[in-house]
Amino acid sequence: MSNQLPVINLMGPTASGKTALACELYEQGNFELISVDSALVYREMDIGTAKPSKEELIQYPHHLIDIISPLEVYSAANFVDDATRLIDDIHARGKTPILVGGTMLYFKALLEGLADNLPNADYAIRAEIEAKGEQEGWEAVYAELCKVDPVAGAKFKVSDKQRIIRALEVFKVTGQPISKLQAEQPKNLPYRYSFHNYALMPDRVELHKRIEKRLEIMWKIGFLDEVKSLMKKYDFDENLPSMRSVGYRQAIDFLKNSDGSSEKQREMEDKALFATRQLAKRQYTWLRSLQEKHKFTTYLTTQQAQEDLRNCHG
């Protein structure tokens, strides 16, 4: 039946081994790979996003990699449109799609649908909110949100900057609380798919070691040169979504605002490492939130996952 077409979702924090596992599965069966990564959509951002190499992408083709320039904007709604079209095309070819990545907002949008009465991002308003946070402190921004949307305020903490920015942005654009708009809007659920959800969730200590190793390699193979090249080619606005990718913002700040000393470089590398660990922490939180609503199989190691998934879908 059409509503039972299988879709394999392979999720996990950064550096957990998702891509290697997806490539292993690709070799074993009748699959196509779709990237679920808000950074891999950008062309020319290769080293800092840990993008598979050109050779790897020839051997293991991924949809939704290198589809826009770093100056463009790509939203969760764009992802759902593109992913559902690709899923249908892959099924029409008699294959099974494997969606692999760590952008949990995209997975959530695909699994639960999107409220289509919410406005698109307004980057001028976002910049204003961020400026207020920098000048007056995020407690002041959070207090403003609690005043205009107490329901959203009760769900968030002061540290939930991105969610606070989005909620305030929606209020400033529409004049209505995001909590009200979300409650009113029936979600467009993709009922025609049967989702098989798998999560790679390594031990935190092990993951931190992998993250550290990945960043060491990143610096060695020329990440700073990549950022310099991007800065020369494009007139970067630091509020662009592409520049929110971990590592890029820290590198741009270092190249623009420091004396370039080895001490400052080490400081920047430490900041990028800390930001990557924070990203992994947020990804774990998102995964747990998704696991509360959806059926998941969770693995500590890629070896566990390989054996099980090969048996299930091989």
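The values are calculated or read from the model by the stated rules, or taken from the named source; none is laboratory data. Because the structure is predicted, anything quoted here is derived from the model rather than measured. Cβ atoms come from the backbone with ideal geometry, glycine included; neighbour counts cover every protein chain shown.
Being farther than 19 Å from ARG43 by Cβ and touching a Lys or Arg at 6+ places or on another chain (Cβ under 7 Å): is that true of LEU290 here?
It is true that LEU290 is farther than 19 Å from ARG43 by Cβ and touching a Lys or Arg at 6+ places or on another chain (Cβ under 7 Å).
Being under 21 Å from the mean Cα position of the chain (by Cα) and among the aromatic types (Phe, Trp, Tyr) is the filter; apply it to the range 182-218 and report the residue that is modelled with the highest pLDDT.
TYR198
Restrict the check to the range 241-254 and report whether at least one residue is within 29 Å of LEU200 (Cβ to Cβ), in contact with a Gly (Cβ under 6 Å, 6 or more places away or on another chain) and crowded, with 19+ Cβ neighbours inside 10 Å.
yes
Considering each of LYS293, LYS232, LYS228 in turn, give the residue that is over 22 Å from SER38 (Cα atoms) and either among the acidic types (Asp, Glu) or not assigned by TED's automatic domain parsing to the domain that holds MET104 (or both).
LYS232
From the set of residues in the range 219-245 that are modelled with pLDDT under 95 and outside any helix (DSSP H, G or I), which is nearest to the chain's Cα centre (by Cα)?
The qualifying residue nearest to the chain's Cα centre (by Cα) is SER245.
Okay, residues lined up against (1) within 15 Å of the chain's Cα centre (by Cα); (2) outside any helix (DSSP H, G or I); (3) at pLDDT 90 or above:
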residue: PRO52; (1), (2), (3): no, yes, yes
residue: GLU55; (1), (2), (3): no, no, yes
residue: VAL73; (1), (2), (3): yes, yes, no
residue: PHE79; (1), (2), (3): yes, no, yes
residue: ASP88; (1), (2), (3): no, no, yes
residue: ASN117; (1), (2), (3): no, yes, no
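What is the number of the single condition among (1) among the β-branched types (Val, Ile, Thr); (2) touching a helix residue (DSSP H, G or I) at 6+ places or on another chain (Cβ under 7 Å); (3) buried (at least 23 other Cβ atoms within 10 Å of the Cβ) that VAL41 does not meet?
If we test VAL41 against (1) among the β-branched types (Val, Ile, Thr); (2) touching a helix residue (DSSP H, G or I) at 6+ places or on another chain (Cβ under 7 Å); (3) buried (at least 23 other Cβ atoms within 10 Å of the Cβ), just (2) comes out false.
Within the range 133-202, which helices (runs of 4 or more DSSP H) (wholly inside it) include 2 or more residues that are among the basic types (Lys, Arg) and under 30 Å from ILE8 (Cα atoms)?
In the range 133-202, 161-174 are the helices (runs of 4 or more DSSP H) which contain 2 or more residues that are among the basic types (Lys, Arg) and under 30 Å from ILE8 (Cα atoms).
For every residue, the table says whether it meets (1) under 24 Å from SER289 (Cα atoms); (2) touching a strand residue (DSSP E or B) at 6+ places or on another chain (Cβ under 8 Å); (3) of a type in the set (D, E, K, R).
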| residue | (1), (2), (3) |
| --- | --- |
| PRO70 | no, yes, no |
| ARG85 | no, no, yes |
| ILE98 | yes, yes, no |
| LEU105 | yes, no, no |
| TYR123 | no, no, no |
| ASP160 | yes, no, yes |
| ILE164 | yes, no, no |
| ALA167 | yes, no, no |
| SER179 | yes, no, no |
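Scan the range 135-181 for residues that are under 25 Å from the mean Cα position of the chain (by Cα) and closer than 27 Å to LYS281 by Cα and report the count.
Adding up the residues that qualify gives 25.
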